[in-house]
Amino acid sequence: MLRPMKETTAKKRTWAEPYKIKMVELLRMTTREERLEAIRGAGYNTFLTRSRDVYIDLLTDSGTSAMSDRQWAGMMLGDEAYSGSENFYNLESVVQEYYGYKYLVPTHQGRGAEHLMSQILIKDGDHVPGNMYFTTTRLHQELAGGKFVDVIVDEAHDSASHFPFKGNVDLAKLDALVQEVGADRVPYLSLEGNVNMAGGQPFSMANLRELRAYCDKHGIPIMLDATRTIENAWFIREREEGYADKSVREILREICDMTDGCTMSAKKDALVNIGGFFCCNDDDVFRKAQNLVVVYEGLHTYGGLAGRDMEAMAQGIREATTEEHMAARVGQVYYLGRKLEDAGIPIVEPIGSHAIFIDARRFLPHIDQDDYPAQALAAEFFIEAGIRTMERGNVSAGRDPVTGENRHPKLELVRLTIPRRVYTQAHMDVVAEAVADVYARRDEIRGLKMVYEPEYLRFFQARFEPLS
Ligand SMILES: *Cc1c(COP(=O)(O)O)cnc(C)c1O
């Protein structure tokens with residue numbers, strides 16, 4: 001059975017960091033006027049603000065981790081050879097050991113791997129089921145001629161549901177798709193660990209086992225988005241019956257062993273500032289990926305990375321899979337989440353591993369979804385205290401390619417993403433105080449209108465103006 005959430009990350013005393021600080025990065029403090037001018041200049045889009053105007057940067061946990069002294073030492077061991085770099089072989093053996101796949105193709109980051117996999121596996125008119133979309137993943141599926149079909153459990157779309165495995169696939173939804181289009185039009189099941197867009201929510205091992213059996217029956221491979229699967233493994237240990245005594249490493253292997261390959265953004269779990277990879281067990285898929293990577297990323301032994309980047313990644317995987325790291329990582333996110341809950345802020349439950357998601361619909365019920373409440377709220381947090389967050393709602397979801405209408409996702413969220421090993425508990429206190437201050441004046445906040453809309457992944461570069 002589920003163990004009470006309070007225990008999950010604090011088995012000993014507290015979640016204190018398993019490291020000490022050796023070097024610090026100084027921050028520039030700004031005034032409210034400076035921040036107002038900055039957000040206006042950025043078209044009310046936090047992606048367009050400058051890092052120098054930010055005090056606490058919760059935009060993303062992607063590539064923002066603090067590397068360890070050992071990772072930096074690894075950077076000095078970079079073998080910058082065009083071909084056959086020693087660091088590639090180190091990375092390959094670490095990935096084979098920790099993730100367990102047979103073949104590795106490095107890429108410059110996650111979307112490079114998604115590009116290769118989509119082009120190789122998807123044919124025009126295919127349907128790709130997945131446990132909720134991710135922006136770049138779905139785009140690459142569509143660019144390869146596929147159509148993404150959401151088969152995540154309904155609980156994932158309900159921000160108030162406390163279901164512990166909101167990342168699970170609903171087998172009935174998957175089966176309905178397979179019955180409708182036929183298994184031969186389903187090139188693979190796209191399975192994401194700790195589903196980002198659902199709030200960092202895990203799938204369970206029981207669900208994966210059922211999926212494996214179903215997919216075996218229908219000849220459908222399971223391709224894992226391994227980006228945050230170490231964090232998924234942690235939650236399985238904390239929440240799922242039968243896993244309390246297993247290590248994060250063992251659970252990670254068990255997950256990977258039940259899937260046929262993966263794409264990975266190493267900028268998340270793996271504690272590096274740049275990097276990614278594609279893995280598979282199939283000889284033919286591997287040969288195709290090795291060939292295609294040369295076209296888009298670089299030779300198959302560096303895939304767009306420097307030798308030193310691969311060395312830092314190999315060491316990052318070793319560190320990320322330790323129990324101490326994960327306890328502090330998730331512990332810090334829970335610390336902030338509980339503070340916000342105590343202040344009465346509407347957040348997605350249960351708290352995920354990498355971020356706190358504030359429910360902008362419940363925070364700003366007076367703003368219509370087409371006036372982009374989450375976008376407006378993210379701008380307010382920046383103005384209030386220089387806290388940079390990101391919209392995950394109507395802007396991120398984009399337009400339906402057929403109707404051209406906004407997709408109007410059920411979840412209209414602001415993501416407060418915690419970089420790994422970067423901020424202190426006092427920074428988390430400042431964030432909680434600032435969010436509570438904005439909540440106290442929420443009635444004054446107005447919606448936004450979009451005045452510039454780029455064609456692809458519009459949330460990155462769209463510009464807005466406040467509604468009068
Ligand atoms: C970040 C991310 C990606 C894309 O990876 P990049 O390294 O940003 O290209 C894919 N899937 C998930 C779940 C992610 O969080």
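Worth a mention:
- In region 84-127, the qualifying residues are those that are among the small types (Gly, Ala, Ser) and more than 24 Å from the chain's Cα centre (by Cα), and the one that is nearest to Ala320 (Cα to Cα) is Ser93.
- Residue check for Asp124: free of Cβ contacts under 8 Å to residues at least 40 places away in the same chain, more than 30 Å from Glu384 (Cα to Cα) and part of a loop (DSSP other than H, G, I, E, B): yes
- Hey, Lys246 at pLDDT 95 or above, among the basic types (Lys, Arg), within 12 Å of the ligand (Cβ to nearest atom) and within 18 Å of His325 (Cα to Cα) or not: no
- Matching residues, region 269-298, being touching a Lys or Arg at 6+ places or on another chain (Cβ under 9 Å), open to solvent by 20 Å² or more (accessible area, probe 1.4 Å) and in a loop (DSSP other than H, G, I, E, B): Asn273, Ile274, Asn281, Asp282
- Selection within region 231-260 - open to solvent by less than 20 Å² (accessible area, probe 1.4 Å) and on the phi > 0 side of the Ramachandran plot: none
- Test: residue in region 196-207 that is within 19 Å of Ser118 (Cα to Cα), buried (at least 21 other Cβ atoms within 10 Å of the Cβ), among the aromatic types (Phe, Trp, Tyr) and touching a residue at least 12 places away in the same chain (Cβ under 8 Å): no
- Only residues that are over 27 Å from Asp309 (Cα atoms) and either of a type outside the set (Ser, Thr, Tyr) or open to solvent by less than 30 Å² (accessible area, probe 1.4 Å) (or both) were counted across region 50-67, and they come to 1.
- Applying a threshold of 6 Å to beta carbon distances and a minimum spacing of six or more residues, or different chains, the list of pairs starting in region 452-468 at a residue that is without any contact (Cβ under 8 Å) to a residue 12 or more places away in the chain and ending at one that is part of a loop (DSSP other than H, G, I, E, B) reads Glu453/Ala462; Pro454/Gln461.
- Identity of the residue in region 185-195, away from the ligand (no atom under 16 Å from the Cβ) and open to solvent by 10 Å² or more (accessible area, probe 1.4 Å), that ends up farthest from the chain's Cα centre (by Cα): Arg185
- Residue match in region 268-282 (condition: over 18 Å from Met313 (Cβ atoms), out of contact with any Phe, Trp or Tyr (no Cβ under 7 Å at 6 or more places or on another chain) and hydrophobic (A, V, I, L, M, F, W, C)): no
- Filter result (touching a Cys at 6+ places or on another chain (Cβ under 7 Å) and part of a loop (DSSP other than H, G, I, E, B)) within region 54-101: Tyr99, Gly100, Tyr101
- Every residue from region 249-267 that is part of a loop (DSSP other than H, G, I, E, B) and either within 16 Å of the ligand (Cβ to nearest atom) or closer than 27 Å to Pro419 by Cβ (or both): Thr259, Ala266, Lys267
The values are calculated or read from the model by the stated rules, or taken from the named source; none is laboratory data. Because the structure is predicted, anything quoted here is derived from the model rather than measured. Glycine also receives a Cβ, built like all others from the backbone with ideal geometry; neighbour counts cover every protein chain displayed. Just so you know, the surface numbers come from the protein's heavy atoms only, side chains and all, with ligands and any DNA or RNA stripped out. Shrake-Rupley method; radii C 1.70, N 1.55, O 1.52, S 1.80 Å.
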